[in-house]
């Protein structure tokens with residue numbers, strides 16, 4: 001089986017995972033209700049501050065990352081509990097395409113959540129952002145979902161050694177993205193060393209590109225920020241691919257695969 | 001009579017101690033305590049960036065209520081579902097103590113652990129942002145926190161009963177907790193909500209707790225403290241009492257029909 005075929009079959013497994021987790025009813029009334037409530041909260045915070053510019057800043061940032069989570073980290077741990085991790089380890093190919101395929105379905109979940117939030121803010125709160133900004137938001141949100149996925153994949157590989165910590169890691173990472181990457185306050189609000197961390201986290205540059213689109217800045221500014229986000233995503237993806245097999249090998253070497 | 005009361009209190013104490021031990025060993029139980037205060041960074045950053053130091057009490061109120069609320073809604077209300085999954089519910093039901101009472105006591109302990117969120121939120125504002133946060137009404141703050149824990153436990157007991165036995169708790173948790181926080185004015189006072197929504201707010205204990213907590217962070221005197229505390233506790237007792245009744249009645253029916261392990 002070539003890598004692409006492994007990825008495709010694993011993606012189908014991921015789709016089944018997703019369907020076990022959510023059906024259209026629970027997704028609409030459970031998940032969407034949660035993130036739309038969150039969007040409404042940011043509208044209220046903007047009103048509390050009494051500043052339209054800040055309200056718009058909060059809405060763009062929070063709508064763009066509305067769905068972003070790092071759920072792929074947890075999915076990687078599921079392989080352990082399903083008993084399939086050891087089977088993947090003994091297979092003659094790299095584990096990377098299998099892990100990437102099973103977790104990739106969550107990218108669509110994040111993108112769908114973000115777009116639903118933009119539509120909700122437009123319909124429910126009469127928010128009328130510039131069309132060019134919305135057009136930039138489509139590739140921007142897709143790119144930030146892809147780069148966040150790459151980081152999740154890397155962390156999923158690492159957490160394979162201590163699966164019990166997966167939910168804590170997911171939440172800390174999601175909080176870090178929400179707080180540090182320019183979602184609610186500009187990255188420049190934070191000290192320089194925090195800004196350096198934000199620069200290598202996914203979301204920061206894609207969000208800057210989206211904001212540049214909303215502000216009507218020149219196309220090259222948008223393209224530069226998108227390019228930086230793509231670089232960050234590729235960096236994390238490379239690390240992930242290098243780490244997945246190494247972690248599995250380490251687990252095989254010390255016999256911990258079945259016990260962690 | 002005294003012996004029966006003593007025996008009841010002793011059983012509650014044993015249950016509470018057991019839950020404390022279980023939670024200490026299970027990092028998942030403490031997830032909201034670890035994670036929710038991190039949101040303080042976000043809200044405090046927004047207020048400081050907007051030069052609104054006067055709103056820091058709002059951020060601390062939100063951090064506190066979200067942590068206590070999540071401990072109740074996510075961890076506490078999951079107890080029945082988890083016991084069904086692990087097939088422990090049948091054993092628990094077979095013991096002579098009413099399961100509803102055991103459940104309520106365990107949820108109270110879990111929710112009370114959420115109080116650590118207050119300390120964490122305060123430490124974040126004080127040391128990560130370097131902003132002093134005076135506590136001008138410390139005794140009133142403590143009373144409000146205890147009443148809030150009682151109310152959150154009552155609510156979580158009812159949710160646990162209603163949705164744990166229906167095996168759909170996770171979806172429900174996702175769907176209801178956000179609207180509850182929003183309607184309760186946890187981060188932003190309900191005066192900023194549409195008028196129709198403001199009419200619903202007083203039915204949530206968050207509304208009363210959030211208002212009182214924000215007052216506790218302000219230097220001005222707090223008005224009607226006793227009656228506001230009484231409303232929070234009354235809401236908690238009515239929700240918790242309903243939860244105990246519902247769980248006992250549903251279990252009774254399942255046992256009578258021989259369907260406890262099958263439903």
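Data overview
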| read-out | value |
| --- | --- |
| Subset of region B:91-127 [out of contact with any helix residue (DSSP H, G or I) (no Cβ under 7 Å at 6 or more places or on another chain) and part of a helix (DSSP H, G or I)] | B:91, B:94, B:119, B:123, B:126, B:127 |
| Given (1) away from chain A (no Cβ under 13 Å); (2) under 29 Å from residue B:188 (Cβ atoms), number of the condition residue B:84 does not satisfy | (2) |
| Candidates B:47, B:41, filtered to the one that is closer than 18 Å to residue B:127 by Cβ, more than 23 Å from the chain's Cα centre (by Cα) and either part of a helix (DSSP H, G or I) or facing chain A (nearest Cβ under 8 Å) (or both) | B:47 |
| So residue B:154, is it modelled with pLDDT of 90 or more, closer than 24 Å to residue B:37 by Cα, away from chain A (no Cβ under 13 Å) and assigned to a helix (DSSP H, G or I) | yes |
| 1 or more residues in contact with a helix residue (DSSP H, G or I) (Cβ under 8 Å, 6 or more places away or on another chain) and within 30 Å of residue A:38 (Cα to Cα): qualifying helices (runs of 4 or more DSSP H) within region A:79-169 | A:96-124, A:131-159 |
| Top-ranked residue of region B:20-38 - restricted to ones that are over 18 Å from residue A:166 (Cβ atoms) and either in contact with a strand residue (DSSP E or B) (Cβ under 6 Å, 6 or more places away or on another chain) or more than 10 Å from chain A (Cβ to nearest Cβ) (or both), ranked as surrounded by the most Cβ atoms within 10 Å (Cβ to Cβ) | B:23 |
| Of all residues making up region A:188-222, the number that are buried (at least 18 other Cβ atoms within 10 Å of the Cβ), part of a helix (DSSP H, G or I) and either on the phi > 0 side of the Ramachandran plot or without any contact (Cβ under 8 Å) to a residue 40 or more places away in the chain (or both) | 4 |
| Checklist (1) farther than 28 Å from residue B:238 by Cβ; (2) at pLDDT 90 or above applied to residue B:133, failing item | (2) |
| Tally of residues being within 12 Å of another protein chain (Cβ to nearest Cβ) and closer than 25 Å to residue A:147 by Cα across region A:29-65 | 13 |
| Filter result for residue A:228 (more than 14 Å from chain B (Cβ to nearest Cβ), at pLDDT 85 or above and crowded, with 23+ Cβ neighbours inside 10 Å) | no |
| Failed condition for residue B:15, given (1) over 17 Å from residue B:103 (Cβ atoms); (2) away from every other protein chain (no Cβ under 13 Å) | (1) |
| Of the criteria (1) modelled with pLDDT of 90 or more; (2) crowded, with 17+ Cβ neighbours inside 10 Å, which one residue B:202 fails | (2) |
| Tabulated pairs, region B:102-131, first within 23 Å of residue B:49 (Cα to Cα), second at pLDDT 90 or above and outside any helix (DSSP H, G or I), C-beta under 6 angstrom, 6+ apart or interchain | B:125/B:131 |
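The values are calculated or read from the model by the stated rules, or taken from the named source; none is laboratory data. Only a predicted model underlies this, so the values are computations on that prediction, with no experimental measurement involved. Glycine gets a Cβ as well: all are built from the backbone with ideal geometry, and neighbour counts include every protein chain shown.
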